Amino acid sequence: MEVTDIGNKEEGKIWHRKPAPGRSVLVTVVRTAQQAKTVRFLHVSFDTTGDSFLAGDHHGNIYVFDISRNRFRLVQKTGQACTALAFSLRRTTEFLVALADYTIKCFDKDTKQLVSWMRGHEGAVSSISVHSSGRYAITTSSDTAQLWDLDTFQRKRKLNIRQSVGIQRVFFLPLSNTILSCFCDDSIFAWESDTLFCKYQLPVPDCGPRIFYKTFAVTRDGKSLAAGGRSNLLHLWCLDTKQLLRVIQMPTQVRTVRQLEFLPDSFDGGASQTLGVLSQDGVMRFINIHTCKLLFHMGSHDDSITTVAVSPNGRHIVAIMDNGSVSIYSVQSLTQELNKPPPSQVAVVSGGEADQDFSNIKVKVRSEAVQRPVKSSGRRTQMKTLRPPAGSTADDKENELPAGLSKKRLMALLKAFGEYPAKYRMFVWRSLLCLPENHAAYSSLTDKGLHSAFLTLHVKYPIKSHKLQRGLQRVLSALAHWAAIFGEVEYLPLIAFPFVKLFQNNPMLCFEVVANVIVNWCQHWFEYFPNPPLNILNMAENVLAHHDKELLQHLVDCGITSQLYVWPLLETLFSEVLTRDEWLKLFDNIFSNHPSFLLMACVAYITCCRDPLLLCSQKQDFEYFFHHRNNLDVGAMIKETYRLMGSTPADIHPRTMLADFTPLTKGQYPIFNHYPEFIVEYQSQEREKIRLQEMEHLRERQEVSAQHADFLRRQAEEEAFYAQQEVLQIAEEQRRNILAQEEEKLTQQRAKLAAMKRELKAKELQLLDTNRRRFLKQQQDIRASRIQRLDQEISRKMDLCEQETAAAAQDLEVRQMELEVQRKQFEQHLLKEQERVGRRDEEQVEMRTRQAEREEESYTELLHNTDKRMQNLEKSLAGACHVGLESDWQREVGGRLQQVDSEQDRKREGLTNTIRDVAGRKWDEVMTTRALLQDHFQPHSSACTDGQRQTRIRSLCLTGDPLHRHSVPAAVSVAPKAAGPAVGANSLTTPRPAGSKVVCLNSSSPSESTSTNFSLDRGRAQLDSSERELLKEIRELRQKLAARAKEGSSASSQSVHTLSSISQ
């Protein structure tokens, strides 16, 4: 065994010396790194050709080993250990690698480039399965399986399961769109890859110990599934029937199955029969799943195997050994013992005379138990042909067949097994019948097209398959073009149909087989045409009469002729009474024997069924019997046929009347004229005449049928028209009713809608009214609050004004009291002055002048008090303006003030005149009185100085200034109480008539003092009355102002605005 150490090489040869033939292990590949440490290989995977495989080691190096070219090459360094490998089937240069970081990478082995990187697993990927089309791939880990699109490298679907149920493996079935998922609870499900629809579930076996599936294997045709696990039992499933076929028990050395692999065969059609079982002991045993026999094994206890990969062509097996090396096995060398040809099973009996009858030769065949090879290694088994002896006879030459076959050997094989191998049956038939394969002649027949006799074949013989129907028409048309009689034979489709079904892919061979059957096995059938072949039927009846007279007598007694019990078998060639396999077995013997074998087979069929036939008495029972399948052993019937062939006397033997087998001629087919031509011609003429008559009849019938069809069509159209009119009328009435109902409903809906609109309008109006009322209430509340605030403001102003008025009144009272006290003091002083004046008479004029000056001073003081009262009145007017008096009220007050001014002007004029009269009197007395008054009132004056008083009095008395005249009456009108005493004090004299006597103030006469006191009290009373009238008018104006403020917010706001403008 050669060992190759690749070391750190990136490429090189796998083996340096060609492996010797017969060695099972071609080469062992190891890889040693530095310090002579061996790097273990972990996984291997073959490509689709089976000539090269991938191998990944523990360091993440991926190698490609090409066995056919004896080369290896390092294609990728991943840097981490791989957990699974697989080739991409569509792009042969790409491969998939599952790495230890739970990712899958796709590389190109030629360019060594990374094509794609797929992520999504949360655990180590244990297997990669690629669809047969190469478009999809399934990666499986312990917790999930994911379906990937290899065109886009995107994840398409993901299979998640419960953690309690793990996944063992998910993979594609070969040559199908089915995904098989296997779980830890031994359940197996099949899914449609496109829709992921669950197609079926394999039933879990109830009986027997549980296996705990760990590994699975599927045949290349996808029909069988093998499963194994922690047991020495294997389950073999049939995926077509979804049933468990068998349970295979491995030897006792096997306790656990690690891996299962089917060994493919080139000639098994994908249905592999050899299964490799890798057990826990590191030995892989190959068994036959049908015979359950151990064929060969790989590995040993010392050199155990970890995992294996089988090439798709079945030539090599790559195994990773326990020491981390890779061993390449040759399947041909492993199966060398099995491929040896088995010993001959045919024993040739020699001896006897040369002219001995062939039928008397008996051959015994002994077979020994021989192990058939599981697979063919590709070598073609050499077939040895026995050379004939030197003195060979003419019979031996006749036994030589085309393609090196021998009829004697075929007969011996046929008698030994009863039939030819199904795989080589058509080949044997072609050799036995010596088919010429005249392509040109057959093409000339088919070029003539379909024969007129078989144009309507599908009417009489309907066949479900159109392909078979067309094939049968072509073969029958070719036969009719070859011989005219075959266009008239009614039972010809029954003869040809079995062969058409067998040779449906090769119509020329089918035609030649049927022609051979007609020429050789249908001899003399057409001599009595169109009647059945009575001569042939008589032959069969003679043979039956010789071998079973009782049965023949029973048939005669029942009135059954050979046309009922022989002819149905002949005209259908047993296709109605036998199954396909039975029919093929029978014709294996018919084609291998003399043409008379067919008649003998008919007789043998009858004799083998004699018991049920003896029980039949009715003609219908016999007809049914010979046209339907019956319970019959074909092997026994064939043996009986051979017995009849050997035991029938020569005088009644059909062999003497039928010619030997004559093959068809090459180049051109022979002329077939074994039939009464005049009858055929007459029949053909009659048929042509009938055909013409039929055509004429058909034409007339077609015309009549056309006229009738036209009449029916018109009638149907009229009926349909009237029916349509009725339907239209009914529909119109219905539509009208429906329209009326709809209009009524519409009217009701409109009424409801109008009511709803009215209700909505009423609600809307109600809401608007509510909102309006709410708005008005809000406005009223706002106005009320404003009026309330104005009332409060007016009340506050009025209270303030009243308080000020009360304070002014109190001040006036206090001033009045002060003036009263001053008056009393002045009276006392006047009394003193009068006493002094009495003592000094000479100073009387001066005293009177001083009195006049004192009156002038009083008048000045009165004017000053009047000014103060005017100021107070102006303040009161300003307060009234701030409360909200309107302009008309101000005009009214102004008018009244003008009236008061005019009255005061008149009074002032009177006072001025009085002062002028007094001034014209004794100036000395006035001046004396003035000096005394100035001395007396100087400490009490607060408003004006002495100089101002003198200046004002002089201006009033001498010039009469209208401004002062205007201000005096106002002061008098506003504050009469305060001014009353002053006026009384200053009013020295009143107008008196001319010639009256002047009274002096300082006179001591009691009458003079009484007169003076009276005039002062009267002026005070006038001032008090005018003051009361003015206050009364102010109160009335205030009441009018309050009434007008309550009438509206607009007036109040205008009043407030006016007041604010006045205040400004």
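The values are calculated or read from the model by the stated rules, or taken from the named source; none is laboratory data. Keep in mind the model is a prediction, meaning the values are calculated, not measured. Glycine also receives a Cβ, built like all others from the backbone with ideal geometry; neighbour counts cover every protein chain displayed. Keep in mind that these areas ignore ligands, DNA and RNA; they rest on the heavy atoms of the full protein, side chains included. Shrake-Rupley method; radii C 1.70, N 1.55, O 1.52, S 1.80 Å.
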- [ ] Rounded to the nearest 0.05, what FRET efficiency do Thr111 and Asp633 give with R0 = 51 Å and r taken as the Cβ-Cβ distance? Could you check?
- [x] 0.15
TODO: With label points built 7 Å along Cα→Cβ from the Cα atoms of Lys1040 and Gln724, find their separation and express it in nm.
DONE: 10.2 nm
Open item on the list: Over segment 406-484, what is the relative contact order in percent, taking alpha-carbon pairs closer than 8 angstrom and at least six residues apart?
Closed with: 29 percent
Task: Accessible area per residue in Å² at 1.4 Å probe, computed on segment 53-109 - done: 32 Å²
- [ ] Round to a whole angstrom and tell me the spacing of the C-alpha centers of segment 1-78 and segment 258-316.
- [x] 21 Å
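Going by a ≥ b ≥ c, the root eigenvalues of the Cα gyration tensor, does segment 487-638 fall in the rounded group (a/c under 1.5), the prolate group (a/b larger than b/c) or the oblate group?
On the way: a/c = 1.80, a/b = 1.50, b/c = 1.20.
Because a/c hits 1.5 or more and a/b exceeds b/c, segment 487-638 counts as prolate.
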Open item on the list: Can you tell me how segment 554-608 classifies by the Cα gyration tensor, rounded, prolate or oblate, using a/c under 1.5 as the rounded cut?
Closed with: prolate
Task: Residue-normalised accessible area of segment 711-750, expressed per residue, 1.4 Å probe, Å² - done: 95 Å²
Task: Where Lys242, Lys199 fall by accessible area, highest first, once all protein chains stay in place (1.4 Å) - done: Lys199, Lys242
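Suppose the chain between Gln668 and Asp841 were pulled fully straight at 0.36 nm per residue; how much longer would it get relative to their current alpha carbon spacing? Let's see the in-between values first.
On the way: separation 173, 0.36 × 173 = 62.28 nm, distance 20.81 nm.
Fully extending the segment from Gln668 to Asp841 adds 41.5 nm.
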TODO: Note the full-extension length gain between Lys875 and Cys207 as 0.36 nm times their separation in residues minus their Cα-Cα distance, in nm to one decimal.
DONE: 227.8 nm
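Select from segment 210-292 those chymotrypsin sites (Phe, Trp or Tyr not before Pro) which occupy a DSSP coil region and have at most 15 other Cβ atoms within 10 Å, ordered by residue number.
Loop-located and lightly packed - Phe212, Phe267.
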Task: Highest average packing first - 898-908, 303-313, Cβ atoms within 10 Å - done: 303-313, 898-908
Task: Linear extension gain, Leu1031 paired with Lys689, 0.36 nm per residue minus alpha-carbon span - done: 107.4 nm
- [ ] Enumerate the calculated ³J(HN,Hα) couplings along segment 604-613 in order (Karplus 6.51 cos²θ - 1.76 cosθ + 1.60, θ = phi - 60°), each rounded to whole Hz, writing x wherever the residue is Gly or Pro.
- [x] 5, 4, 5, 5, 6, 10, 5, 5, x, 5
- [ ] Assuming R0 = 60 Å, can you tell me the calculated FRET efficiency for the pair Asn771 and Leu739, based on Cβ-Cβ distance, to the nearest 0.05?
- [x] 0.85
Open item on the list: If packing is taken as the average number of other Cβ atoms within 10 Å across a peptide's residues, how do 752-758, 858-864 rank, most packed first?
Closed with: 858-864, 752-758
Task: Antiparallel bridges, percent of DSSP beta bridges restricted to segment 56-167 (to nearest 5) - done: 100 percent
Open item on the list: Using amide H atoms built in the peptide plane, which far-off residues or other-chain residues are under 5 Å from Gly282 H to H?
Closed with: Ile305
Open item on the list: What distance in nm separates the two pseudo spin-label positions at Arg906 and Lys18, each 7 Å out from Cα along the beta-carbon direction?
Closed with: 17.0 nm
TODO: Assuming a ≥ b ≥ c are the square roots of the Cα gyration tensor eigenvalues, decide whether segment 160-266 counts as rounded (a/c under 1.5), prolate (otherwise, with a/b larger than b/c) or oblate.
DONE: oblate
Task: Sorted peptide list for 790-800, 601-611, criterion being average Cβ within 10 angstrom, highest first - done: 601-611, 790-800
Task: Other-chain or far-sequence residues with amide H under 5 Å of Leu26's (modelled H) - done: Ile328, Tyr329, Ser330
